[in-house]
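As structure tokens, the structure follows; a few thoughts come after it.
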Amino acid sequence: MSSPDAPQFNPPPSDTEPQPSASITADSFPPPTFAPEAPAPKSAESPVWTGWDVLQIAFLTIVTLIFLQLVLILSANRFVYRHSSFRVVSQKPMLALLSEFLAYIAVAIYMVALVEGKYHVGFWQAIRWNWPGGAAVKRLGLGVMMVGLDLLGRFLPMPRSVPFDQFFARPTDAYLTTAFAVTLGPLMEELFFRGFLYPVLARRMGVVLGVIFTALPFGLLHLVQYGYAWGAVLVIFLVGVVLTAIRAVTGSVAASFLAHVGYNATLMMLTAAATGGFRHMDRLGLWLAYR
């Protein structure tokens, strides 16, 4: 037995002995972290403008064109063709070309103001002009080859006389029409259809439907010119499909513009060759029958 006065020996606590633990609560575990979701892949077409902007451009074009035509016809009837009826003056190709030229200039200014003023983006960059450089000649060549689509006219009910023929009634009108058809005409059509309309449709519908529904109004645009002949409009629709496909594949409005110029220029040169420089338009019907 030990003496009560003897010192007590208490060994140090062993590392293996359990230690008192703190109470475990929900705050002891950090909240789980999740990796952020990958953003959904963006469409290849992401224009800064909306479908409403495209509709506004279309509306402005129609209203401006009608207004300018009316003003020019009334002015010409009042000061130039005083002894002609309003109906006769309204059929003057030069007045129609002038009104279309002025309307296109006004619409082009609005397009630039819309993109650069409202959305603060460079115009040519926003519409994907993207000049093809060394491939420009190839794009023109595609337009020349597109004339082969007109061979479908041999199997479709194509009219021999359409309202558009009045633009070739005189050599002067024919040459002015040709100049317009290879410059401002295709430029504005490409800016609107392939520059503004197609990207909006492709973003919403996808490439295939975007191509089709861009070519459809492009074909219908020429309905009046060709006397509501569905065969002629069908050919123009197919031309629109090819032009929009070029825009979709190359990502370049300039590429579709060059193809458009090549197509129009080839048609005009063939017509000029068949009619002796637009001097014998009576031969046009024979050429149309055998093209």
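Before moving on, here are some points about what is shown:
- Global geometry of region 189-254, whether rounded, prolate or oblate, following the gyration tensor of its Cα atoms and the 1.5 cut on a/c: prolate
- Simple spin-label estimate for residue 63 and residue 50 in nanometres, 7 Å along Cα-Cβ: 1.8
- Tail weight of P(r) past 14 Å, computed on alpha-carbon pairs of region 78-122, percent: 64
- Extension gain for residue 135-residue 86 works out to 12.8 nm (0.36 nm per residue, less the C-alpha to C-alpha distance).
- In this structure, residue 110 and residue 160 have a Cβ-Cβ separation that, at R0 = 41 Å, corresponds to a calculated FRET efficiency of about 0.60.
- Shape of region 44-194, Cα gyration tensor, a/c cut at 1.5: oblate
- Peptides 64-75, 129-140 ordered by average Cβ neighbours within 10 Å, highest first: 64-75, 129-140
- Shape call, region 127-291: gyration tensor on alpha carbons, a/c limit 1.5: prolate
- Inter-label distance, residue 152 to residue 270: 1.4 nm, where each label sits 7 Å from its Cα along the C-beta direction.
- With the simple spin-label model, which puts each label point 7 Å out from Cα in the Cβ direction, the residue 124 to residue 170 separation comes to 3.8 nm.
- Each other residue within a Cβ distance under 13 Å of residue 255 adds +1 if Lys or Arg and -1 if Asp or Glu, for a net charge of +4.
- The rule of thumb for compact globular proteins, 2.2 N^0.38 Å, goes into the C-alpha radius of gyration of region 46-123 1.42 times.
Read the figures in this text as sums done on the coordinates, not as results from a lab. These figures come from a predicted structure and were not determined experimentally. No Cβ is skipped: glycine too gets one built from the backbone with ideal geometry, and neighbour counts run over all protein chains shown.
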